1. Hey, any idea what % of region 507-563's accessible area is carbon plus sulfur with a 1.4 Å probe?
2. Pairs of Cα atoms under 8 Å, at least six residues apart: use those to get the relative contact order of region 405-492, whole percent.
3. Please say if region 464-584 is rounded, prolate or oblate, where rounded means a/c under 1.5 for a ≥ b ≥ c the square roots of the C-alpha gyration tensor eigenvalues, and otherwise the choice is prolate for a/b larger than b/c and oblate otherwise?
4. Show me the trypsin sites (Lys or Arg not before Pro) within region 210-275 that DSSP assigns to loop and that have at most 10 other Cβ atoms within 10 Å of their Cβ.
5. Mind checking the per residue accessible area of region 410-482 for me, 1.4 Å probe, whole number of Å²?
6. Could you sort 576, 415, 466 by accessible area so the largest value comes first, with the probe set to 1.4 Å?
7. Local charge sum around residue 185 (other residues, Cβ-Cβ under 13 Å, Lys/Arg +1, Asp/Glu -1)?
8. Keeping all protein chains in place, calculate the accessible area per residue for region 155-200 (probe 1.4 angstrom), answer in Å².
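The values are calculated or read from the model by the stated rules, or taken from the named source; none is laboratory data. None of the values given here were measured: they were computed from a predicted structure. Here the Cβ positions follow ideal geometry from the backbone for every residue, glycine too, while neighbour counts run over all protein chains shown. We work out accessible area using only protein heavy atoms, side chains counted, and drop any ligands, DNA or RNA first. Shrake-Rupley method; radii C 1.70, N 1.55, O 1.52, S 1.80 Å.
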Amino acid sequence: YQRRVHGEITNARAVLHVMFGLWALFGVWLGVVLFSRLEFAERTFERFNVRVFPGFITYSTKAFNRFVHYVGKRGRSFFEFWYAAGAACFVAGLLVAPVLLLMQCCALLGDSRAPALVPVIPGLNVPFGQIGYMWTALLVNVVVHEFGHGVAAASASVKIAHVGFFLAFIFPGAYVQLRKGLHRLPPFHVLKIATAGVWHNAVLCGACYLLLLMLPVLLLPVLVSSRSGPLVSAIDPRSPISSHVAAGHHIHSVDLQPVQSAADWERLIRGVAARNTQRGFCQVPQQVVAATQQHTTNWIGRPPELRSVDFRAEPPPPPPPPPPPSRPLPPSSDPSLALSPASDATIYAQSEELQAVPLSLHPSAPSALYPPQPLPPPAPAAETSDQSLLAEIPPACCRSDYTGQLQCFEVAKRYMCLPVAAVTAGARCAFSHDCPHNESCFTPLFLDQPEFRLVRLQLHDGASDYTIHLAGHPWTLLTLVDVTDYAPRFRTATPGFVLLLPAIAERCLRYIMAFAVSLAVLNVLPVFFLDGEVALGAVLELINIDIVSRHHDAVMHAILTPCSLLLIVNLSLSLYRTWAAAAN
């Protein structure tokens, strides 16, 4: 039922969360509107210049008028050139943007290409945990956008009536109200004022990109580039590995592939998830059986580079008595599977002596540990012998309802339940012929979850290397574990917050860049009620063609109407695809 895509939960549960959130938001706004109709509330809101509408609340103030006017007057000579350059870039975008919008609509109707403009819906395509980043980035962008309009108007000697802020549902915004209508100004001044917001958003996007490039230099006082591979910066406390992997631990490899950077970490995890087939481990069967017999309780510290974890609070029980003798295994076509008669009893799935504890995720709940429990009783043999059951039918550990601590492996058409650490030290393989002549390919098997993988991680905790194994969807790792390329300059008892600084700064800058580009694209389009409408009217007046001047309103509507429809179709298709992907 629950499925993780690119580290974010986008399933039917997320859709239900969004629907309940919308109803709750509707209820909150309904309560605010009803409260604003009270006589006491009306007087209070009017006193503080607050106006309330269904789903919309505004606040206006004159506190910023003097500051904006001062900035525009002091830098008038500079802003003349500055906003002229912005107007030139805007006109170039005004010619190209409708064509790109038409191409995007055709692409959305023709194939499954990812849309360029996507409506932002918290909980659906923006994680609830990142709403703060989204809200902050949007507020910064609208303030910078409206500041551009205000300074451009002040530099053209147009006085500002007031500055306003609003909240539309949950999205913040701002606006600048001028005392003199734009229709009374020369067309070029109107064009500069109308395009100043888009120009500021474009400059803000470029500034954030430069800050991203300079981030390692800016973080030098507290962080340096890690020379020993990426570090774990944060881990979900609800995850099964939160008590064993801590912030500051180095990640050395994923499935024996070296990890040199955070980009390598994400690339390797994505590669594991993208594989169509499960990859196994090359091992000598006799050595696996011998290791299983030698370590029957746990695998802590044997050998030093392997660490599995026993999650039981009570001390481990005494070693169980030796298992009863069992029938010999059936013959196999693989000569490397010729096991000695003294060791074949340890291969049975129901052998309760195999209680090694791999660090794993429960197949039906990827974020929960399954504690060691007694294995289910052996399935009845029916009309088959134990040998045929072992050779042909997957044992209990291969089923999705299994809650024990062993992992199901397939080798030469046989199914075995083994401790993970006994198998995963070997090289990776797809088939037995990928291994040396005396080894076989032990392939992890997940019957009911074919997208699950067994991932082997090698880490360093500052004192020693250790290995953990996780069974589940690989995308879970990208969700549970945050990785950074930086290391603390100074040793601290709690390096987690320091290591989170690069991720917080980068995420903020990327959100600001994304919203800056979106606001610039939306306002450069010649559509109704946006900056593109005012700028288009100024451009048509500057062209000064007789037929355009005589039919100004008709030409405006001929351009604005189809572009507005294209934008609505584009956003509707994008919203539909986002919603459908989440519902499926």
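1. Result for region 507-563: 68 percent of the exposed heavy-atom area is carbon or sulfur.
2. Once normalised by length, the contact order is 20 percent.
3. Oblate, because a/c is 1.5 or more while a/b does not exceed b/c.
4. Answer by residue number: 227, 238.
5. 34
6. I get 576, 415, 466, largest accessible area first.
7. Details: positive: 159, 179, 180, 184, 192; negative: 541.
Local charge sum for residue 185: +4.
8. Spelled out: the 1.4 Å probe surface of region 155-200, per residue, equals 45 Å².
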